[in-house]
Amino acid sequence: MECKVEAIVLALSLVTVGMCVKTGLESISENQREVSVKGLAEMEVKANKVTWPIIVKFVGNDLNEIYTKVNNSNAAVRKFLTQNGIPASDISVNAPQIQDKEAEIYGSVNFTYRYSVTNIVTVSSKNVDLVRKLMSRQGELLTKGVAISGSNYENPVVYEYTDLNKIKPRMIEEATKNAREAAVKFAKDSESELGDIKNASQGQFSIDNRDQNTPFIKKVRVVSSISYYLE
């Protein structure tokens, strides 16, 4: 009698284990029936803000004389800008940067000019087209005695695009559409049907220069990652 009971218990245990194994395999199979895809959206836009540092350098041995030149230069630059449509509110003047070679510990004792002064007038404007036109005409300041130095890596001309929120919705829509098209193609090739979205994440937007020659044209880019169930 005890042997029969043990046999029944053993049989029930095997059935239960078998059911658990079957359920587990089905669960794994279902979890694997999904596809993860990425959708890319790109758009080219014109920069809508520009920061233009107008750099003028002076050398000399008399600081008072140099400061007079700096003030005259600032007045000439301001006049050039305002007469050509740049509002005074878009113009700012930085404090001059002074290098005293005589005070430098490791400087050479043989120098022609003791002082080197860098003066920067900065234009920050949303009228990018106007600023670009004036940049091409800055040579006119030479007739006013103002010799503008080329921008350097410390003070480059910077173009920005600040209306990202205006184009975000349609770019996300395009990225999502492109991702779905890729998922539909995968489902068709695998003889499946595309189901609901399991999860989705929107990548970060990036804004870069289209190329090094046209920094005023920006390329906006976003990648969306989406997982779909397959049926």
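Quick notes
- Residue that is nearest to E42 (Cα to Cα), among those in the stretch 204-225 that are open to solvent by 30 Å² or more (accessible area, probe 1.4 Å) and among the basic types (K, R): R221
- Among the residues of the stretch 120-169, those that are under 22 Å from N84 (Cα atoms), of a type in the set (S, T, N, Q) and modelled with pLDDT of 95 or more comprise T122, S124, S125, N127.
- Test: residue in the stretch 35-52 that is modelled with pLDDT under 95 and of a type in the set (V, I, T): yes
- For the stretch 159-179, a residue qualifies if it is buried (at least 16 other Cβ atoms within 10 Å of the Cβ), over 16 Å from the mean Cα position of the chain (by Cα) and not polar (S, T, N, Q), and the qualifying residues are I172, E174, A175, A179.
- The stretch 36-66 - residue that is out of contact with any helix residue (DSSP H, G or I) (no Cβ under 7 Å at 6 or more places or on another chain) and among the polar types (S, T, N, Q) and, of those, nearest to A182 (Cα to Cα): S36
- Matching residues, the stretch 105-145, being of a type in the set (S, T, Y), farther than 20 Å from V70 by Cβ and surrounded by fewer than 15 Cβ atoms within 10 Å (Cβ to Cβ): Y106, S108, S136
- Against the criterion of being within 30 Å of T143 (Cα to Cα) and either open to solvent by 40 Å² or more (accessible area, probe 1.4 Å) or in contact (Cβ under 8 Å) with a residue 12 or more places away in the chain (or both), V59 qualifies.
- Residue within the stretch 84-104 that is crowded, with 17+ Cβ neighbours inside 10 Å, of a type in the set (A, V, I, L, M) and either under 30 Å from V59 (Cα atoms) or free of Cβ contacts under 8 Å to residues at least 24 places away in the same chain (or both) present: yes
The values are calculated or read from the model by the stated rules, or taken from the named source; none is laboratory data. Please read all numbers here as calculations on a predicted model, not as lab measurements. Here Cβ is always computed from backbone atoms with ideal geometry, including for glycine, and neighbour counts include all displayed protein chains. Ligands, DNA and RNA are excluded from the accessible area calculation, which covers all protein heavy atoms including side chains. Shrake-Rupley method; radii C 1.70, N 1.55, O 1.52, S 1.80 Å.
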